[in-house]
Amino acid sequence: MGSVANSDFPVSVSALHFPSSEQLSVSQTLASLRRSALSVNNRLRSIEADAAFVREVADHYGLPLIANERCGSWYIPPDVKSGSAYFKSTDGHTGQWDFSFRRLNLQILPIARHHGGCIIVDSTRRGKLMPDALSKTIPIWCAVFNRALFPSETAYHSVELPPNYLGASEESQIEQRIDGFVHSLKSLKLDLDDLKQQLGKPIRIAWANRTYFHPTDLSKGEAYNLFVLCSASKRVHGAEISEGGYIQGAGDDSEAWAHGLTPAVFWAHKSTLLTRAEEDLPEVIADLMQESRKQGSGQQATLIAPSQNLYVSRTDPSLAANGLYDLVIDCNSSAETTEEKPKRLNLGCISSKQGGRDLRNHLDKVRDFVNLHLASSPSQSLLVMCESGKDLSAGTLLTIICLFYNDAGKLNRYQHYSNLTLTVVGEFVGPQTQPISKQFIRQRLAWIVSSKHDVNPSRSTLQSVNAFLMQRPDY
């Protein structure tokens with residue numbers, strides 16, 4: 001019986017083709033597909049789609065848009081953004097409900113009074129309807145301010161929480177903590193009458209997301225300010241590859257994907273960015289950000305009230321060199337000798353998350369620098385800078401305020417402080433003796449947070465300040 005030759009089949013062992021070990025496994029293939037779905041291009045298009053929903057919410061309620069930073073700013077074009085808030089989801093995590101004294105968000109009050117409320121915009125990643133900041137942190141904050149500023153308006157004292165979202169036990173535990181938070185807020189010694197004037201009316205809450213608007217019939221009213229908590233993104237239950245490239249919470253964790261792009265630059269150059277190929281975007285973004293930095297010089301420092309001479313900003317050589325400030329402390333620049341620039345102190349703190357811990361090693365130099373220059377000439381202005389303008393500079397200023405300034409924001413004559421007591425002699429305004437305790441430090445931190453609303457000193461920075469102020473110095 002004859003055979004038929006077929007070139008499609010191998011005729012020798014050497015001609016056999018076995019699967020290559022370099023071929024991707026199923027898990028590797030899925031991971032590759034997921035990375036492709038999470039491309040920068042898909043993120044920016046998802047942000048654009050979510051921003052359209054945010055505009056619908058704004059039109060529906062007729063209220064200004066406030067970005068809950070950092071994520072919220074991606075969904076609001078700068079020309080319609082009325083302000084920023086800094087509510088953290090971690091303050092709403094189950095069992096960790098908190099009212100943050102580092103994030104008082106007092107800047108929202110006058111905006112709400114002027115417009116009858118506001119819309120606070122945020123988002124969250126795949127699978128959740130809304131971030132904990134919207135479901136718990138902000139409702140806690142609203143209940144605290146309602147009770148503290150409007151004690152007789154008991155109809156607004158309960159914590160308003162989203163419908164059928166939390167368990168009854170969690171709702172009850174949150175409610176039980178509110179009075180303690182109110183007491184802590186009052187202990188900061190803020191001018192509550194002034195804050196009441198800024199807000200004008202108690203707060204009511206509504207929620208807006210892709211699933212529901214609740215309550216459906218609630219709008220602005222004469223008796224209250226309406227805070228609408230808007231979760232911008234569509235809820236996605238499956239993987240991103242099942243959504244045609246749509247990414248829930250695309251603006252979240254932008255440090256990991258944006259190549260340095262900021263929301264403001266995205267909105268200014270949206271049409272350019274959305275039409276470029278994925279592989280071109282890193283270079284395009286780098287060019288746009290470089291141009292933005294050139295145009296963005298000329299920032300201004302923030303005065304820390306009630307002082308008349310303490311300022312804070314992110315590091316800006318032109319700002320420090322313009323002659324507007326008599327004294328400058330730069331937390332991150334490398335140290336220089338006092339002979340070179342006697343009215344400038346460079347601390348040389350490391351530039352990382354360890355910077356807050358490193359600050360502890362330099363606060364004695366801050367104390368001596370301020371005592372040398374301000375004690376003899378208290379009218380001099382002092383600018384404190386760090387890379388972010390929010391962390392090390394805030395900790396340095398907090399140390400200065402605790403050691404040298406009284407309740408009226410006036411400079412004391414610094415002489416000596418012991419474990420719990422700052423003793424003041426000479427010319428002063430206010431009491432001669434002021435306790436230095438964690439509560440006292442928290443009160444002074446409220447000055448900084450109230451003056452510069454995006455200030456957010458890290459836990460390690462505050463630990464450094466507490467350790468320095470509450471130690472017993474050897475002299």
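Just want to confirm a number: the relative contact order over the stretch 221-310, from Cα pairs under 8 angstrom separated by 6+ residues, in percent. Could you put the intermediate results ahead of the total?
Details: 29 pairs, mean separation 16.6, N = 90.
Once divided by the residue count of the stretch 221-310, the mean separation gives 18 percent.
Which order, highest average first, do 180-193, 452-465, 91-104 follow once you tally other Cβ atoms within 10 Å for each residue and take the mean per peptide? Provide the component values of the computation, followed by the final result.
Numbers: 180-193: 15.0, 452-465: 20.9, 91-104: 17.2.
Output ranking for 180-193, 452-465, 91-104: 452-465, 91-104, 180-193.
How charged is the neighbourhood of Gln308? Take every other residue with its Cβ under 13 Å from the Cβ of Gln308, and add Lys/Arg as +1 and Asp/Glu as -1. Please list the in-between numbers first.
Working: positive: Lys410; negative: Asp326.
With Lys, Arg at +1 and Asp, Glu at -1, the neighbours total 0.
Ordered by packing density, taken as the mean number of other Cβ atoms within 10 Å over each peptide's residues, highest first, how do 320-332, 278-290, 50-62, 140-152 rank? Mind dumping the intermediate values first?
Values: 320-332: 18.5, 278-290: 13.8, 50-62: 16.9, 140-152: 20.8.
Listed from highest to lowest mean packing, they are 140-152, 320-332, 50-62, 278-290.
Report the net charge of residues surrounding Ala268, where surrounding means a beta-carbon distance below 11 angstrom and charges are Lys +1, Arg +1, Asp -1, Glu -1.
Details: positive: Lys270; negative: Asp79, Glu291.
That sum, taken over residues with Cβ under 11 Å, equals -1.
Short version: ³J(HN,Hα) in whole Hz for each residue of the stretch 267-283, in order, from phi by Karplus 6.51 cos²θ - 1.76 cosθ + 1.60 (θ = phi - 60°), x for Gly and Pro, what are they?
Using θ = phi - 60°, the values come out as 5, 6, 10, 4, 5, 5, 5, 6, 9, 8, 5, 4, 5, 8, 4, x, 5 Hz.
Subtract the Cα-Cα distance of Ala49 and Arg293 from 0.36 nm times their separation in residues, and report this length gain in nm to one decimal.
On the way: separation 244, 0.36 × 244 = 87.84 nm, distance 2.75 nm.
85.1 nm is the gain from fully extending Ala49 to Arg293.
Give me the net charge of Asp91's neighbourhood, meaning all other residues with Cβ under 12 Å from the Cβ of Asp91; Lys, Arg count +1, Asp, Glu -1.
Details: positive: Lys88, Arg102, Arg103, Lys136, Arg177; negative: Asp98, Asp132.
So the surrounding residues net to +3.
If I model a spin label as a point 7 Å beyond the Cα along the Cα-Cβ vector, how far apart are those points for Gln439 and Asp253 in nm?
Here the answer is 4.1 nm between the modelled labels.
Please check which bits of the stretch 104-139 a label hung off Ala223 would reach, taking the label as a point 7 Å along Cα-to-C-beta and the cut-off as backbone N under 19 Å.
Under cut-off, by backbone N: 113, 116-118.
Give or take rounding to whole Å, what are the principal axis extents of the alpha carbon atoms in the stretch 212-282, in descending order?
For the stretch 212-282, the Cα extents along the three principal axes come out at 53, 31, 21 Å.
Can you give the FRET efficiency for Ala467 and Asp326, using 1/(1 + (r/R0)^6), R0 = 30 Å, r = Cβ-Cβ distance, to the nearest 0.05?
Approximately 0.55, to the nearest 0.05.
Full-extension gain between Ala155 and Thr275, please, as 0.36 nm times their residue separation minus the C-alpha to C-alpha distance.
Values: separation 120, 0.36 × 120 = 43.20 nm, distance 5.20 nm.
Residue separation times 0.36 nm, minus the Cα-Cα distance, leaves 38.0 nm.
Measuring from a point 7 Å past the Cα of Thr90 along Cα-to-C-beta, which residues in the stretch 98-125 have an amide N at less than 16 Å?
98-104
Using only the Cα atoms of the stretch 272-324, what semi-axes does the equivalent ellipsoid have when each is the square root of 5 times a gyration tensor eigenvalue? Give whole Å, largest first.
On the way: eigenvalues 263, 29, 11 Å².
Value: 36, 12, 7 Å, ordered largest first.
Cα gyration tensor of the stretch 70-212, axes a ≥ b ≥ c as square roots of the eigenvalues: rounded (a/c below 1.5), prolate (a/b > b/c) or oblate? Mind showing how you got there, number by number?
On the way: a/c = 1.64, a/b = 1.11, b/c = 1.47.
Oblate, because a/c is 1.5 or more while a/b does not exceed b/c.
Take the Cα radius of gyration of the stretch 40-290 and divide it by 2.2 N^0.38 Å, with N its residue count; two decimals is plenty.
1.04
Of all the accessible heavy-atom surface of the stretch 40-290, with the other protein chains kept in place and a 1.4 Å probe, what percent is carbon and sulfur? It would help to have the intermediate numbers written out before the result.
Details: 4860 of 10550 Å².
Looking at the stretch 40-290 in its full context, I get 46 percent from C and S.
How far is it, in nm, from the label point at Lys343 to the one at Gln380 when both lie 7 Å from their Cα along the line to the Cβ?
Between Lys343 and Gln380, the label points sit 0.7 nm apart.
Could you give the accessible area per residue of the stretch 40-290, probe 1.4 Å, as a whole number in Å²?
Numbers: 10550 Å² over 251 residues.
Spelled out: the 1.4 Å probe surface of the stretch 40-290, per residue, equals 42 Å².
Non-local amide H neighbours of Phe227 (under 5 Å, H modeled in plane, Pro and chain starts lacking H): which ones?
HN-HN under 5 Å from Phe227: Cys118, Arg204, Ile205, Ala206.
Any idea of Lys365's accessible area? Nearest 10 Å², probe 1.4 Å.
Around 80 Å² of this residue is reachable by solvent.
How long is the gain from His237 to Ile350 if the chain were fully straight, where each residue apart is worth 0.36 nm and the alpha carbon distance is subtracted? Intermediate results must be reported in sequence, preceding the final value.
Numbers: separation 113, 0.36 × 113 = 40.68 nm, distance 4.17 nm.
Length difference between fully extended and current span is 36.5 nm.
Under 22 Å Cα to Cα from Lys81, which lysines show up? Leave out anything in the same chain fewer than 8 places away.
Lys220, Lys234, Lys270, Lys390, Lys452
The values are calculated or read from the model by the stated rules, or taken from the named source; none is laboratory data. From a predicted model like this one, the values you see are computed outputs, not experimental measurements. Every residue, glycine as well, gets a Cβ built from its backbone with ideal geometry; the counts of neighbours run over all protein chains shown. Quick note on the areas: whole protein, heavy atoms, side chains included, nothing else; ligands and nucleic acids left out. Shrake-Rupley method; radii C 1.70, N 1.55, O 1.52, S 1.80 Å.
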